[in-house]
Amino acid sequence: MDMKMLINGQMVESGAWVDVINPANEEVFARVPHATETHLDEAVAAAAAAQKEWEKTTMAERRTKVEELSAALAENEADLARLITLEQGKPLPEATGEVQWSVGYLAHTATLELPDRVIQDDDDFFIETRHKPLGVVGGIIAWNFPLLLCVWKIGPALMAGNSIVLKPAPTTPVAALRLAELCAEIFPAGLVNIITDKNDLGPKMTEHPGISKIGFTGSSETGKHIVKAAANTMKRVTLEMGGNDPSIVMPDVDVKAAAEKVYGGAFLNAGQVCLAVKRAYVHDSIYDEFCDALVDIASHAVVGDGLEQGTTVGPIQNKAQYEKVQGYLEDAKSCGNVIAGGEVPAGKGYFINPTIVRDVKDGDKIVDEEQFGPILPVIPFGDIDDVIERANNSDYGLGGSVHSKDVAGATEIAGRIESGSVWVNQQLNIGPHIPMAGFKGSGLGVEQSTEGLAEYTQMQVINVAKTA
């Protein structure tokens, strides 16, 4: 299956190809164009021209087009879900959920407004704030949610009056190019451009003088490089990056119910979620019981090809991450006790069984670093002030959670966690109406909601003296 890029309203090839591998069997199932810097320049030029006309449109006109894209995704749900599973590996029901989330995110983003706000209106002055488009947005996305992350950039960029040049991850570009085909049928030529590479055009995008903003989802290390490169042209940046998200489990919980929530928050998408539970701190009075409950849940996992019925855990998406997670697995075995999983199945595919490791401590690599795979370290604690300090002792601050029957007490604890999103008695409750932000090394700026839309604009103040 050969795919094409979208540049200036046309689906184009490049003369060179990038193979796309199905992580469930390590076989090439598609090819996408390898864009050059010339293709990037063409896409930026087309986007700049289209944006000049798009910014003149009303919010109602923009809303209609974004809603059309939402409807097109819904109409092509089965096709898109299958492509997501083929390239990313997640089970087909999860891939279907990703398409449905994408539909919902676009539909909600289309309803958002950034109205002018009057600051002062008296006999002397009229002062108001307005939100102006930035111009051309560059979107760079990770491989764990290859469709959803695209619409997270496209929706707000267009609703704010910008155009966009989007670059999906080179290991998961296929659903993005199917999205490109739909965009070509809906939007004016040049407004949305989607190009594919071998991980070599990212720096060119962040340095490009024709791009006014970078919206990035990916690793913290890459995010740091983007900030440095963007500084030369004073680009705006929104960065949603990694996390080492703690979950604190208090002694009064229903152990089975809390274990199911923590497990679900840790192993969704084989643990390849920036907001996933990466370390569980469990009160020592229920530690053994909680570990046993996690083991029981893990024992029922079905690891395999995401297209096979009944699969609950798919493969790691790519070979590099697969090898990295195996390194964390070896670390877990050396510093703690693996009580579930721990095996790397023989045969083709980047599979690792859901792994629970206990009797580890802060300072161990498996606890201190982001695994981004199906491994959950479980650490005991006794004192709440001490565990909050340990939870916050991280360069990351993306997500976190607290589980307790004392909702008010858990909410107070949540407020002390240094993370952008902290859930109480739940995991991964996100939505297009809920702002998403990160503390420390987990990000800059806000995504989703009206606050996220504002990140795609420049505020302008109009200050009028009523007397000449």
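Remark: spin-label model distance S219-Q458 equals 3.3 nm, labels positioned 7 Å along the Cα→Cβ axis. Remark: the V12-D383 segment gains 127.6 nm on full extension, using 0.36 nm per residue and subtracting the alpha carbon distance.
What is the antiparallel percent of DSSP beta bridges lying wholly in the chain, to the nearest 5?
Around 45 percent of the beta bridges assigned by DSSP in the chain are antiparallel ones.
Close amide H pairs (under 5 Å, H built 1.01 Å from N) link V402 with I248, W423, V424, N425, Q426, residues at least 5 positions away or on another chain. Averaged per residue, the chain has 39 square angstrom of accessible surface, using a 1.4 angstrom probe with ligands and nucleic acids left out. Averaging the sequence gap over all C-alpha pairs within less than 8 Å and six or more residues apart, then dividing by the number of residues, gives the chain a relative contact order of 19 percent.
With a ≥ b ≥ c taken as the square roots of the eigenvalues of the C-alpha gyration tensor of the chain, please select rounded if a/c is under 1.5 and otherwise prolate if a/b is larger than b/c or oblate if it is not? Walk me through the numbers before you get to the answer.
Numbers: a/c = 2.09, a/b = 1.34, b/c = 1.57.
Oblate, since a/c reaches 1.5 and b/c is not below a/b.
Amide H contacts of G349 (H built 1.01 Å from N, in plane; Pro and chain starts excluded): E26 sit under 5 Å, all sequence-distant by 5 or more or on other chains. Counting only protein heavy atoms, what percent of the accessible surface of the stretch 407-462 is carbon or sulfur at a 1.4 Å probe? Its accessible area is 58 percent carbon and sulfur atoms. Peptides 223-231, 102-110, ordered by how many other C-beta atoms sit within 10 Å of their residues on average, highest first, read 102-110, 223-231.
Projected onto the charge dipole of the chain (+1 at Lys/Arg Cβ, -1 at Asp/Glu Cβ, origin at the Cα centre), which of T96, G271, Q51 gives the Cα projection farthest towards the positive end? With unit charges placed on the Cβ atoms, the residue in question is Q51. Starting from the Cα gyration tensor of the stretch 209-273, take the square roots of the eigenvalues, sort them a ≥ b ≥ c, and report rounded, prolate or oblate (rounded when a/c is under 1.5, otherwise prolate if a/b is larger than b/c, else oblate). In terms of gyration-tensor shape, prolate. Each residue of the stretch 272-278 was assigned a 3J(HN,Hα) from its phi angle through the Karplus expression (A = 6.51, B = -1.76, C = 1.60, θ = phi - 60°), giving 8, 9, 4, 9, 5, 5, 9 Hz with x at Gly and Pro. Backbone geometry of the stretch 429-436 corresponds, through the Karplus equation with coefficients 6.51, -1.76 and 1.60 at θ = phi - 60°, to 3J(HN,Hα) couplings of 7, 10, x, x, 8, 10, x, 10 Hz, x marking Gly and Pro.
Sequence-ordered 3J(HN,Hα) estimates for the stretch 358-370 from the Karplus curve with 6.51, -1.76 and 1.60 and θ = phi - 60° stand at 10, 6, 9, 9, 4, x, 6, 3, 5, 8, 7, 10, 7 Hz, glycine and proline given as x.
Taking Cα pairs under 8 Å and at least six residues apart, what relative contact order does the stretch 11-153 come out at, in percent?
After rounding, I find 21 percent.
Sorting the segments 330-336, 167-173 by their mean number of nearby beta carbons within 10 angstrom, highest to lowest, gives 167-173, 330-336.
Please report the net charge: other residues with Cβ closer than 15 Å to the Cβ of E308, K and R +1, D and E -1. Neighbour charge sum, excluding E308 itself: +1.
Anisotropy class assigned to the stretch 288-359 is oblate, per the alpha carbon gyration tensor with a/c at or over the 1.5 cut-off and a/b no larger than b/c. Normalised by the number of residues in the stretch 166-218, the mean separation of alpha-carbon contacts (under 8 Å, six or more apart) gives a relative contact order of 42 percent.
Positive contributions from Lys and Arg (+1) and negative ones from Asp and Glu (-1), summed over other residues with Cβ under 14 Å from the Cβ of L148, come out at -3. Packing around the peptides 176-189, 238-251, taken as the average count of other Cβ atoms within 10 Å per residue, puts them in this order, highest first: 238-251, 176-189. Per-residue ellipticity at 222 nm, computed for the chain from helices alone with -39500 (n - 2.57) per DSSP H run of at least four residues, works out to -11500 deg cm²/dmol.
The values are calculated or read from the model by the stated rules, or taken from the named source; none is laboratory data. In this text the structure is predicted, and so the values were computed from the model without any measurement. Here the Cβ is made from the backbone with ideal geometry for all residues, glycine too, and neighbour counts use every protein chain on show. Please note that ligands, DNA and RNA were not included when accessible areas were found on the heavy atoms of the full protein model with its side chains. Shrake-Rupley method; radii C 1.70, N 1.55, O 1.52, S 1.80 Å.
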